[in-house]
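This report refers to the structure that appears directly beneath it.
The values are calculated or read from the model by the stated rules, or taken from the named source; none is laboratory data. Note that the structure is a prediction, hence the values are computed from the model and not measured. Every residue, glycine as well, gets a Cβ built from its backbone with ideal geometry; the counts of neighbours run over all protein chains shown. Protein only, heavy atoms only, side chains kept; ligands, DNA and RNA dropped before computing areas. Shrake-Rupley method; radii C 1.70, N 1.55, O 1.52, S 1.80 Å.
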Amino acid sequence: MSAENQLRFVVEPHPSPTPIDQIAIELVNPVFGRVFSDHMVTIRWTEGMGWHDAKVEARRPFEIEPSCSVLHYAQEIFEGMKAYHGEESKISLFRPRANARRFRESAERMSMPQLPEATFVEAVEQLVEIDRAWIPTAEGASLYVRPFMFASESFLGVRAAREYIFCVIACPVGPYFKSGKSAVTVWVSDQYTRAAPGGTGAAKCGGNYAAGLIAQTEASARGCDQVVFLDAAQHKWIEELGGMNVFFVMDDGSLRTPPLLGTILPGITRASIIELARHEGIVVDEAPYTFVEWQADAFSGRVTETFACGTAAVVTAIGQVRHATGEFRIGDGGEGTLTQQIRTKLTGIQRGKMTDPFGWVHYLSRANCPNNIG
Ligand code: PLP
Ligand code: COI
């Protein structure tokens, strides 16, 4: 327990945890977000008392009043991260401190109390440790960890709530997109936008996703895997996908990605790819890019590859782009060379198969790693 983290976690293990042979069945090709591990971590916050009652316990439903504030005014934020079984059975997380920082920033934007970063990381470690049997070992699989916080006060007045619950749950996951696909198809929404300047686009709050679901439904109806959002003011600048950031590979070998201007999520995968690419000598431009330019550059060959990235999606090539008046292909429609190289490097570091010059990999037992700074 560090000085920053004064909370003591009470651990009450599940009285009848899932038998190992049943877990083994659940770990075969898990669908993203359907099956959950045995435990959860909860911490409560109340005005006047602050953070208290930190617990690791059997996962169970919450009991909340119909007047619970989050059900009405959507004060809710979350994070997404993964735990991996690495070499020599070491268990690791990828840059959990970065998730802890973003969680604090999301909380600030949504007028919620800020959980100390060390407490956030310890809560995640506690859950992964007690449910370590749920971490899949198969190639491409991991334990997806979902920390979240919601306003739990029973009150209908419109103001920041005075009670919150922070919780962490976890689920074994395989690839986010249907396996076997080397590249996905995206739908460019010209009607719906995700976030406006001054809004909550940079916060990881549930409301952003609720607002984007109609466009995702539209995308699915057109046979697309994800939606690409354009900016809210001019409907021309590419922002991000429903649950991922986006990169373009130019024919001079450089990368381009939309800048962080407050309307898109500052992805940890995005930041890692930028650092990794620059470390390899690849030029990365964080520069605005319009849909019209993307289309013209895909036709002319100036853009050779495009990929989506995020914790759930990892690095996924975009092969086909559909929009209101037509569609176009990127490269040969499959995964390009640089996309594949970046995916291999990033996942190699994440899974402990390649050296990590950045100190991103955070091993669960401190004894295993002297520089847990991820
Ligand atoms: N953008 C959105 C809207 C997301 O939901 C996510 C996923 O968390 C990302 C980008 C990528 O963020 P990260 O790489 O931190 O997972
Ligand atoms: C994540 O990648 O963690 C997300 O939250 C995105 C969502 C598509 C699951």
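What to note about this one:
- The set of residues from the stretch 291-310 being over 14 Å from E240 (Cα atoms) and either aliphatic (A, V, I, L, M) or open to solvent by 40 Å² or more (accessible area, probe 1.4 Å) (or both) comprises V292, E293, Q295, A296, A298, F299, S300, R302, V303, T304.
- Sole exception among (1) on the phi < 0 side of the Ramachandran plot; (2) away from ligand 1 (no atom under 16 Å from the Cβ); (3) out of contact with any Asp or Glu (no Cβ under 8 Å at 6 or more places or on another chain); (4) not in a loop (DSSP other than H, G, I, E, B) for I43, by number: (3)
- For A277, the requirement of being open to solvent by 20 Å² or more (accessible area, probe 1.4 Å) and hydrophobic (A, V, I, L, M, F, W, C) is not met.
- Any chance S106 is within 16 Å of ligand 2 (Cβ to nearest atom), within 26 Å of I349 (Cβ to Cβ) and open to solvent by less than 20 Å² (accessible area, probe 1.4 Å): yes
- Residue pairs whose Cβ atoms lie under 6 Å apart, sitting 6 or more positions apart in sequence or on different chains, and linking a residue in the stretch 303-316 that is within 13 Å of T257 (Cβ to Cβ) and part of a strand (DSSP E or B) to a partner that is modelled with pLDDT under 95 and more than 10 Å from ligand 2 (Cβ to nearest atom), do not occur here.
- Only residues that are within 16 Å of ligand 1 (Cβ to nearest atom), open to solvent by less than 40 Å² (accessible area, probe 1.4 Å) and touching a residue at least 60 places away in the same chain (Cβ under 8 Å) were counted across the stretch 244-262, and they come to 6.
- For the stretch 165-211, a residue qualifies if it is in contact (Cβ under 8 Å) with a residue 40 or more places away in the chain, open to solvent by 30 Å² or more (accessible area, probe 1.4 Å) and either of a type in the set (A, V, I, L, M) or touching a Cys at 6+ places or on another chain (Cβ under 8 Å) (or both), and the qualifying residues are I169, A196, A202, A210.
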